[in-house]
Amino acid sequence: MNKTEWNLTDIYKTEADFREDIKAFYSKMEEIKAFKGTLSQGEDEIYNCYKTYEEAIRLEEKLYSYAMLNYHKDMSNVEAIKLYKEIEKIVTDFAEVVSFIEPEISKISEEKLEEYIKSPKLNEFKKTLQDILKGKKHILSEEVERVISKYSEVFGVSESVYDTFTTTEFEFKDIQDKDGNSLKMTHGLYSKYLRNADESIRKQAFESMYDLYKKHINSITDLYLSRVKKTTISANLRNYKSSMEMATDSDDSSVEVYNTLIKEVNKNLDLNHKYIELKRQLLGVEKLHMYDVYLNTFDLAEEKVEYEEAKQTVLDALSILGEEYTNKLKEAFDNNWLDVYETPNKMTGAYSMGVYGVHPFVLLNYINSSRDVSTIAHELGHSMHSYYANSSQNAINANYTIMVAEVASTVNEILLASYLIDKEQDKNKKAALINEQLDMIRATLYRQAMFAEFEKEVHGKIEAGESLTSENLNNIYYELVKKYFGSACVIDDLIKYEWARIPHFYSCFYVYKYATGITSAIVIASKILSGEKGYVEKYINMLRKGGSKGSLELLRSVDVDLEKEETYEIAFDYFRKRIGQLVPGLN
């Protein structure tokens, strides 16, 4: 088999095996139903229920991943779509079946729950019980939870329609190179074109992208606002003060983390403006447009990075994390964990999906750019987190929050960038690499914080009872872009439609974790690179813990406190020093 494509037989060798697990999954659901009404009787019933629940989760994860990965290989494949929809229905059934567990346990007195949390028998489910105790006031009655679970598939329609619409039905206008040749425009190629030295190509790609989103902006607005309203209504039903509180609570994070991030980024916007102005000067242009900001000002020529070279570079850069880590990466490359190249109707972007009891799977859309190398390192950071967590925790505790997941992936990106910068001898190429890392930090810390501020404002207005239109959303976004980019950049009118092409907005309050993730990762990577004794082991141990501890507690175990402004200042200092390396004497 081609090593650049998934081997999904690692999950199920035959269709019969897949169907057999569906039967087994329904059998487990029947077993779980038998525990209804018994969970107040004692710790034995709770233990047996959660053991059965854990076994069901293992089956669910395999079934869902097999269907989803097949679907994402070709989102126009009718059989794959049917399979995915079938499993979505089964997952919905499962959510309904287990919906009684938390409400029933939440009825147990706080004193008794605290006793169970200390019980050796229930130790492997300690975090789950702690979460129930903490969230007692947010768990609704059994009947309401059951009704909500029945509607879970309906609630997800806006996201799935958006994904299908923008992936399979969007046809972008082709662009022309200087010789008049037609160049195909796709989601995957867009970022490559924005890094092209030819201004005309960058501008055409920008206009091709946002002219199409402008055309469909009203439909996308309806899809997005339905998602926002679903989130705000759920938060209200569950007695949260806001949808942000509900989201951060589910991350084992806090509103304080969210607000501290935005506050600290706003305090340091002048540094971003300074960097944008520097880019303008280095490019030698009077004004920098939005389609220019991703251009590497030191690129001498477009260099292709073949996949085999990219693999070796990632292995070398991450060898600092130890032999065990590196050997597992080699296994991933050699055993079809990655689906590498862009193909027609394949899911856009990149992700890693851990499959408990099997191994992680990574989706890429590799187009031989240097940024693709960083994407490999990033997604394998997620994969290694899944590997360590799945190897060390039960299926419930292995599921870590995204709050922590984005740390593991971004640590890998920073280690890769540092490796490439340190080994490069050519001054111009070294400057180009520094520029690339600065762009990555700007895009991950500043840009994602801007997205987070957009979400905060939109959700806040909906919660205040305001009615929003596409024009309102466009204006909110446009004003934020002006604030974040400053006067050195022309804020092109079409950029106000950019919010409409951010799929993560359908996972409300998701993007802030990219910004906190890179902040945490800069602290962690700096300690790893400094050779601090025992720190790599401390970091790997954090990955092994999966979701068995709270996110903020896990991060504090590696000396990162996201509720303190000092942590963010380390990230901004790092950014400032890299600018100084780019142009010595600047700071």
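The values are calculated or read from the model by the stated rules, or taken from the named source; none is laboratory data. Here the structure is a predicted model, which is why all the values come from computation and not from measurement. Every residue, glycine among them, receives a Cβ derived from its backbone with ideal geometry; neighbour counts consider all protein chains shown.
Write out, first by first residue and then by second, each pair whose Cβ atoms fall under 6 Å of each other, whose residues are 6+ apart or on separate chains, and whose first residue, in region 461-485, is within 16 Å of residue 214 (Cα to Cα) while the second is assigned to a helix (DSSP H, G or I) and not β-branched (Val, Ile, Thr).
Close Cβ pairs (under 6 Å, with a partner that is assigned to a helix (DSSP H, G or I) and not β-branched (Val, Ile, Thr)) amount to 470/218; 474/496; 476/457; 477/454; 477/496; 477/499; 478/496.
Can you name the number of the only condition in (1) surrounded by fewer than 14 Cβ atoms within 10 Å (Cβ to Cβ); (2) out of contact with any Asp or Glu (no Cβ under 8 Å at 6 or more places or on another chain); (3) in a helix (DSSP H, G or I); (4) modelled with pLDDT under 95 that residue 23 fails?
(4)
Of all the residues that make up region 406-447, how many are within 16 Å of residue 511 (Cα to Cα), touching a helix residue (DSSP H, G or I) at 6+ places or on another chain (Cβ under 6 Å) and either of a type in the set (Ser, Thr, Tyr) or at pLDDT below 90 (or both)?
Number satisfying all stated conditions: 5.
Just need a number here: residues in region 42-79 that are over 24 Å from the mean Cα position of the chain (by Cα) and either modelled with pLDDT of 95 or more or part of a helix (DSSP H, G or I) (or both).
The number of residues fulfilling the criteria is 16.
Have a look at 66, 50 and point out the one that is buried (at least 18 other Cβ atoms within 10 Å of the Cβ) and farther than 25 Å from residue 103 by Cα.
Sole residue among the options that is buried (at least 18 other Cβ atoms within 10 Å of the Cβ) and farther than 25 Å from residue 103 by Cα: 66.
When you scan region 99-110, do you find a residue that is in contact with a helix residue (DSSP H, G or I) (Cβ under 9 Å, 6 or more places away or on another chain), modelled with pLDDT under 95 and under 24 Å from residue 160 (Cα atoms), even just one?
Yes, because at least one residue in region 99-110 is in contact with a helix residue (DSSP H, G or I) (Cβ under 9 Å, 6 or more places away or on another chain), modelled with pLDDT under 95 and under 24 Å from residue 160 (Cα atoms).
Can you give me the number of residues within region 227-267 that are within 20 Å of residue 506 (Cβ to Cβ), out of contact with any Cys (no Cβ under 8 Å at 6 or more places or on another chain), assigned to a helix (DSSP H, G or I) and polar (S, T, N, Q)?
Within region 227-267, residues that are within 20 Å of residue 506 (Cβ to Cβ), out of contact with any Cys (no Cβ under 8 Å at 6 or more places or on another chain), assigned to a helix (DSSP H, G or I) and polar (S, T, N, Q) number 5.
Please enumerate the residues belonging to region 119-142 that are touching a residue at least 12 places away in the same chain (Cβ under 8 Å), part of a helix (DSSP H, G or I) and farther than 23 Å from residue 551 by Cβ.
Within region 119-142, 121, 142 meet the criteria.
Here is a yes/no grid of residues against (1) assigned to a helix (DSSP H, G or I); (2) at positive phi; (3) surrounded by 16 or more Cβ atoms within 10 Å (Cβ to Cβ); (4) without any contact (Cβ under 8 Å) to a residue 12 or more places away in the chain:
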residue	(1), (2), (3), (4)
144	yes, no, no, no
153	yes, no, yes, no
159	yes, no, yes, no
172	no, no, yes, no
213	yes, no, yes, no
225	yes, no, yes, no
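Could you pull out the residue among 16, 56, 80 that is in contact with a helix residue (DSSP H, G or I) (Cβ under 8 Å, 6 or more places away or on another chain), free of Cβ contacts under 8 Å to residues at least 24 places away in the same chain and either crowded, with 16+ Cβ neighbours inside 10 Å or more than 25 Å from residue 104 (Cβ to Cβ) (or both)?
None of the others qualify; the one that does is 80.
Do we find that residue 388 is among the aromatic types (Phe, Trp, Tyr), at pLDDT 95 or above and either within 30 Å of residue 51 (Cβ to Cβ) or part of a loop (DSSP other than H, G, I, E, B) (or both) in this structure?
yes
Assess whether residue 556 counts as being touching a residue at least 24 places away in the same chain (Cβ under 8 Å) and out of contact with any Asp or Glu (no Cβ under 9 Å at 6 or more places or on another chain).
For residue 556, the condition - touching a residue at least 24 places away in the same chain (Cβ under 8 Å) and out of contact with any Asp or Glu (no Cβ under 9 Å at 6 or more places or on another chain) - is not met.
Specify which of the listed residues (343, 348, 326, 297) is among the hydroxyl-bearing types (Ser, Thr, Tyr) and closer than 30 Å to residue 538 by Cβ.
Of the residues listed, the single one that is among the hydroxyl-bearing types (Ser, Thr, Tyr) and closer than 30 Å to residue 538 by Cβ is 326.
If you take the residues of region 295-319 that are in contact with an Asp or Glu (Cβ under 9 Å, 6 or more places away or on another chain) and modelled with pLDDT of 90 or more, which of them is farthest from residue 367 (Cα to Cα)?
It comes out as 310.
Consider residue 323 against the criteria (1) of a type in the set (D, E, K, R); (2) under 30 Å from residue 165 (Cβ atoms); (3) over 22 Å from the mean Cα position of the chain (by Cα): it satisfies all of them except one. Which criterion is unmet?
Of (1) of a type in the set (D, E, K, R); (2) under 30 Å from residue 165 (Cβ atoms); (3) over 22 Å from the mean Cα position of the chain (by Cα), only one is false for residue 323: (2).
Going through 549, 496, 538 one at a time, which residue ends up being under 22 Å from residue 381 (Cβ atoms) and surrounded by 17 or more Cβ atoms within 10 Å (Cβ to Cβ)?
549
In a loop (DSSP other than H, G, I, E, B) and crowded, with 18+ Cβ neighbours inside 10 Å - does that describe any residue in region 283-293?
Yes: one or more hits.
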